[in-house]
Amino acid sequence: AQKVTQTQTSISVVEKTTVTMDCVYETRDSSYFLFWYKQTASGEIVFLIRQDSYKKENATVGHYSLNFQKPKSSIGLIITATQIEDSAVYFCAMREGNVGDNSKLIWGLGTSLVVNP
Amino acid sequence: GPKVLQIPSHQIIDMGQMVTLNCDPVSNHLYFYWYKQILGQQMEFLVNFYNGKVMEKSKLFKDQFSVERPDGSYFTLKIQPTALEDSAVYFCASSRTGGALAEQFFGPGTRLTVL
């Protein structure tokens, strides 16, 4: 079965610290792509970072990085030096298949992050 | 960055009526998507659309649902007739290319309330 699970409903941190958000997934495909999106208070959904299942190296974009543990089917998002404006709901999502496949995104429930001064 | 617009932001209608949700995708994008998010639940894929055709749809995309993009105008999701369980936020997305790597750009959503 295809499934994405985010167990943390809400996280609160102090700014400038590092936060990790968990995500585990289920898939039967050997090839898949994992994404993290952010939904701001205005409702805007923004793509943050992607991990390809065949890549061993963890993806990094700006102050976002991933902790990809394939044997555990886990793809954690790490935000370093958090800022107030990082406050949002963070969604983990998965897409199965190969590069040319236009398959659907399967979403987790989201983790609400609050960054306090 | 590129913006996807959705009109209206909120829509309240009576059960059984027809509703059309409008999406103005990024101008050079060719692939279009609708997702549905019921309050407190995860976002779920409804349908994707390319070159005038539905490419893939989920079991949530009931017979009462239809999509189209006539002459490069809005990409629309029509529900006729609506049911109470259609109440949700509907997100439109578009991407320039297809494929599993294609970055989808999302609109802010339309909150549909069916009474």
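Are any residues in segment B:6-21 in a loop (DSSP other than H, G, I, E, B) and not aliphatic (A, V, I, L, M), and if so, which ones? Selection gives B:PRO8, B:SER9, B:ASP14, B:GLY16, B:GLN17. Scanning segment B:41-56 for residues that are farther than 14 Å from B:TYR90 by Cα, within 9 Å of chain A (Cβ to nearest Cβ) and not aliphatic (A, V, I, L, M) turns up B:TYR50, B:GLU56. Of the strands (runs of 3 or more DSSP E) entirely within segment A:15-117, those holding at least 3 residues that are under 29 Å from B:VAL4 (Cα atoms) and without any contact (Cβ under 8 Å) to a residue 40 or more places away in the chain occupy A:45-52, A:64-69. Could you tell me whether segment B:77-86 includes any residue that is in contact with a Gly (Cβ under 7 Å, 6 or more places away or on another chain), under 22 Å from B:ILE7 (Cβ atoms), touching a residue at least 60 places away in the same chain (Cβ under 8 Å) and within 14 Å of chain A (Cβ to nearest Cβ)? No: zero hits. Being hydroxyl-bearing (Ser, Thr, Tyr), modelled with pLDDT of 95 or more and more than 16 Å from the chain's Cα centre (by Cα) holds for only one residue in A:SER12, A:SER87, A:SER65, and it is A:SER12.
The values are calculated or read from the model by the stated rules, or taken from the named source; none is laboratory data. In this text the structure is predicted, and so the values were computed from the model without any measurement. Don't worry about glycine lacking a Cβ; one is built from the backbone with ideal geometry, like all the others, and counts go over all protein chains shown.
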